1. Could you pull out the residue among Gly26, Gly95 that is part of a helix (DSSP H, G or I), under 13 Å from the mean Cα position of the chain (by Cα), touching a residue at least 60 places away in the same chain (Cβ under 8 Å) and on the phi < 0 side of the Ramachandran plot?
2. Would you confirm whether any residue within the range 157-164 is surrounded by 12 or more Cβ atoms within 10 Å (Cβ to Cβ), touching a residue at least 12 places away in the same chain (Cβ under 8 Å) and either in contact with a Lys or Arg (Cβ under 7 Å, 6 or more places away or on another chain) or not in a helix (DSSP H, G or I) (or both)?
3. Kindly indicate which of Thr91, Thr51 is at pLDDT below 95, buried (at least 20 other Cβ atoms within 10 Å of the Cβ) and of a type outside the set (D, E, K, R).
4. Determine, yes or no, whether Thr75 is assigned to a helix (DSSP H, G or I) and hydroxyl-bearing (Ser, Thr, Tyr).
5. How many of the residues making up the range 160-187 are of a type in the set (Gly, Ala, Ser) and within 22 Å of the chain's Cα centre (by Cα)?
6. Scan the range 1-23 residue by residue and report those that are assigned to a helix (DSSP H, G or I) and either among the aliphatic types (A, V, I, L, M) or closer than 21 Å to Lys115 by Cβ (or both).
Amino acid sequence: MALFSDAGVQLLLRWIHFLSGITWIGLLYYFNFVQGPFMAEADAAAKSGVTQKLVPRALWWFRWSAALTFLSGLTILAQRRASWNDPWGLTILTGAAFGIVMLANVWRVIWPNQKIVIASAVAVAGGGQANPAAAGAARRAFLASRTNVVFSFPMLFFMGSASHFTLPAGGNRGLWAVLLLVILALLEINALVGTTGPTKKPIETVRGVIVTGVITTFIVYYLAQAVLRSQVV
């Protein structure tokens with residue numbers, strides 16, 4: 001029963017992590033690259049139908065695949081004793097930092113606000129009044145989702161790099177931890193602050209969010225290289 005040996009269990013955990021991660025990120029890209037542009041062009045009846053019937057189903061898979069990705073990933077990190085002091089651990093934990101904030105966005109921002117939007121659409125379809133808070137909730141969920149797209153680029157980059165292209169584990173790892181937290185905080189603040197008003201953010205367009213994700217990935221990578229290759233004074 002090699003599959004249930006220590007190595008086999010690790011393989012099964014990675015398999016679960018890959019399956020749930022593909023489901024999570026696939027739905028994230030569906031929401032942002034497919035459903036979002038469709039909803040911007042659809043008529044009121046189509047929007048209502050999608051919001052009432054399709055969105056709740058997709059969000060169920062979205063939030064639970066996110067949770068399973070996190071739990072399986074956390075188990076893998078614990079089993080392998082990922083450390084900030086070795087190249088594999090440093091690289092994988094850098095990617096995991098983005099994934100953890102993405103999970104928080106799913107459960108603490110996107111899902112709570114989408115529940116308001118869905119309930120309002122159901123109320124209107126039943127002849128009731130729209131919830132005046134629904135528009136603001138929709139925008140908060142939208143910007144958090146767009147920010148998760150940005151986060152997904154460096155997250156996937158460093159997850160892949162952990163096995164093939166690790167960061168150096170020298171230099172000032174403490175400084176890198178601080179800089180990584182600052183980058184995460186700035187991007188998250190951009191999602192949560194200033195969510196109302198006429199001003200548009202670059203991440204609001206599909207092209208803008210992809211470009212931002214790619215640029216963020218390279219900034220994080222080269223900044224990490226600079227800090228982790230420097231001599232600790």
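The values are calculated or read from the model by the stated rules, or taken from the named source; none is laboratory data. Because the structure is predicted, anything quoted here is derived from the model rather than measured. A quick note on method: Cβ atoms are made from the backbone with ideal geometry, for glycine too, and the neighbour counts reach across all protein chains shown.
1. Working: Gly26 fails: touching a residue at least 60 places away in the same chain (Cβ under 8 Å).
The unique qualifying residue is Gly95.
2. Looking for residues that are surrounded by 12 or more Cβ atoms within 10 Å (Cβ to Cβ), touching a residue at least 12 places away in the same chain (Cβ under 8 Å) and either in contact with a Lys or Arg (Cβ under 7 Å, 6 or more places away or on another chain) or not in a helix (DSSP H, G or I) (or both), one finds none in the range 157-164, hence no.
3. On the way: Thr91 fails: at pLDDT below 95.
That would be Thr51, the only listed residue that is at pLDDT below 95, buried (at least 20 other Cβ atoms within 10 Å of the Cβ) and of a type outside the set (D, E, K, R).
4. yes
5. Step one: filter the range 160-187 for residues of a type in the set (Gly, Ala, Ser), giving 160-163, 169-171, 174, 177, 185.
Among the residues that remain, those that are also within 22 Å of the chain's Cα centre (by Cα) are: 160-163, 177, 185.
So the count comes out to 6.
6. Of the residues in the range 1-23, the ones assigned to a helix (DSSP H, G or I) are 2-4, 6-23.
Hits for the range 1-23 are Ala2, Leu3, Ala7, Val9, Leu11, Leu12, Leu13, Ile16, Leu19, Ile22, Thr23.
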